[in-house]
1. What are the aspartates and glutamates whose alpha-carbon lies under 16 Å from the alpha-carbon of Lys167, with same-chain residues fewer than 8 places away excluded?
2. Quick one: net charge around Ser566, please, counting Lys, Arg +1 and Asp, Glu -1 for every other residue with C-beta under 15 Å from its C-beta.
3. Contour minus end-to-end for Val209 and Gln368, with contour as 0.36 nm per residue of separation and end-to-end as the Cα-Cα distance?
4. Would you mind putting 363-369, 558-564 in packing order, based on average other-beta-carbon counts within 10 Å, highest first?
5. How much length would be gained if the chain were fully extended between Glu289 and Asp160, taking 0.36 nm per residue of separation minus their Cα-Cα distance, in nm to one decimal?
6. Give the label of the value calculated from the structure for volume of the Cα convex hull per residue in Å³, choosing from (1) 222; (2) 164; (3) 178.
7. HN-Hα J couplings of the stretch 497-513 from phi, Karplus 6.51/-1.76/1.60, θ = phi - 60°, integer Hz, Gly and Pro as x?
8. Given H placed on each backbone N at 1.01 Å, which residues far from Leu479 in sequence or on other chains put an amide H within less than 5 Å of it?
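Please treat every number below as a calculation from the coordinates, not as lab data. Everything numeric here is computed off the predicted structure, so don't read it as measured data. A quick note on method: Cβ atoms are made from the backbone with ideal geometry, for glycine too, and the neighbour counts reach across all protein chains shown.
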Amino acid sequence: MIAEQLITRSHTMHYPLKLSFILLFFISFTAVPFAATVLSPDGRIAVSVEVKELLEPYPAGERLYYSVAYNGKAVLLDSPFRLDFKGLPSLATHLVIVDESRRSISETWQTVVGKSRSVINACNEMTLKLRENRAPNRSITFSVRAYDDGVAFRYGLPADGGFDAFKLSREVSEYHFPGDPQVWAVNYGGFQTHQEGEYNKKLLSACRVGETIGCPLLLQLPHAWAALTEANLTDWAGLYFARTTTPNAVVSVLSPRLDEPDVAVISQAPRLSPWRVIMIGDRAGDLIESNIILNLADPCEIEDTSWIKPGISAWDRWWPGSYAPDFNGTMGVNNPSMKYFIDLAAEMGWEYQLVDWEWYGPPFDPNQPMGAAGNPAADLSKSIAVINIPELVDYAGKKGVKILVWLDWDNANRQMDRVFPLYEKWGVAGVKVDFMARDDQEMVNFYHRLVKLAAKHHLAVDFHGAYKPDGFRRTYPNLLTREGVLGNEYNKWSDRITPTHNVTLPFTRMLCGPMDYTPGGFRNKTPATFRIVGGDAPGPFVMTTRAQQLAMLVVYESPLQVMCDSPYNYRVSPAGLDFLKRVPTTWDETKVLDGYPGEFIIIARRSGDAWFIGAMTNEQARSATIALDFLKSGQYKLLHWADAEEAADYPDRLTTFENIIAAGDKINLKMAGSGGAVLMISPMK
């Protein structure tokens, strides 16, 4: 029996044999509780949905439960579902399944930018319609998709379901796991957050009851790896998790609205929720390779995407400060300083230069905490006297460089309809929009409105102070990247950007999608010699070797890579610049060769016929052997940038070499503590 046809039914009560004929007749004409199972195309994942009643610690009453098995072993135990509404009874009990439909999806589609060019979208989907068997007799739909790399479910409030306008106060989707799994969890401490934090390794039971756990939540189970997150977040509230009083379970939590804090979503039927996603794999690296989040997003809405260009961007003085001994002038927010960075981008063959904040004056309301609101006097169509954006666009364009400009979200929200057409006229290539620090329903709608308007005016988008990706970049690929990550900028004022953190991110935050970490720090220190310069002080350091900073360009997914350091630092210590002139930012294929969260990672990515390999380790020195069995037969030229022998003491030093290799060969990598390596492998002509 093929997977999409498989269905098993089991009643929640057992009856005497002499009543079986009567019950069969009754069942054939009456909706009754039953269990349905859908399998992934490869048959390894099974999702079961059932209406039944369980004993404590489960809630009382007959409820909708779902469970997931992988290779016949539990990934998710029976987990209940409930919706709470403001002004209406909860929808949880007295449900019967009155209809069921199934379909299979099998297609291949092409990304515009990303970690894979061709994406296979293959799954089996089951949609159930459930109705309360007593007043108020409302109905919902519950859809489940089983992919080879995970599962997803979402609920719908149909037009004929007894809902009109509604206010959803809570979604109570529970996730009960076998045993007490190891997790990597980030605690944001609330909902108004830039989503910049560490993913700490602990047992699930060690998470405090009620703490705000962000997406994704990574879990190591005895026989599989899994991660919880969401996809296709549209006109809804962002998803978090909280541990329940049951030690092995978490429950969904939605970001509350600011105007009505006891409500998460205000809407009207018919509505579909975002997808609740469980990524599943044999290895942690399998989750990095997965495209399930993109497959759950809506297809591309931009007819002509030829203007959307990935690439590397020089920054301005925001991160390195005024540390520019070779600059003849006063470093600051002015045209000569911006041209100094544009010249670097041109020298390196990079695509962009980012003009960061204050180009249009003080961005924030001086009467509120920094970043809480935009400056009411700001005009995003007018530069300060010493900045001329059209002049910078012209200067950069003659050198093959495009200009990106920074905007505070609050003023962008009020002025985008007026200024985006102007930016297009000026020739600006994109906008970096910052300080949202929320993912409530209203803020989610702002993201969508801005990205759509930006696409209309041929502007790329980079969100900072942002919530995690949810696949919207498939629908609007001009959304090149976003922050929502504890990245290199924190080296200026903290010691939080450790090598352990750096090799945890690919297995956690990066599972959701691209992250603008801003790599490329060239003032390299060891963890022992690292020091904090503070605030706007010039010349911040990074707590890694040079090779690890290079490897970030391969390991960290981001079609727009913003390089953090100053032209002077790149020029005075140029080891590795030859690699930064070669590395692309979008890929045709991605393979995770090895790794473990918080310890090390080795990723291979293909661009055209060239392969790039990035390797990073935590504070521990490490050796690894990688087999080149993913190469097509033939001979290849290998370029290798690695930690120098003395990198443990002098982390800015590299060793480089080249060789001729063949498919199937093995390469030995040696990384210093806090170090890394990068390789470029091209077929011999």
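1. Asp84, Asp235, Asp259, Glu260, Asp262, Asp440, Glu442
2. After counting each charged neighbour, the total is -4.
3. 54.0 nm
4. In decreasing order of mean packing, 363-369, 558-564 become 558-564, 363-369.
5. Working: separation 129, 0.36 × 129 = 46.44 nm, distance 3.98 nm.
Length gained between Glu289 and Asp160: 42.5 nm.
6. Computed from these coordinates, volume of the Cα convex hull per residue in Å³ corresponds to label (2).
7. 8, 8, x, 4, 4, 4, 8, 8, 4, x, 8, 10, 3, 6, 4, 6, x
8. Val461
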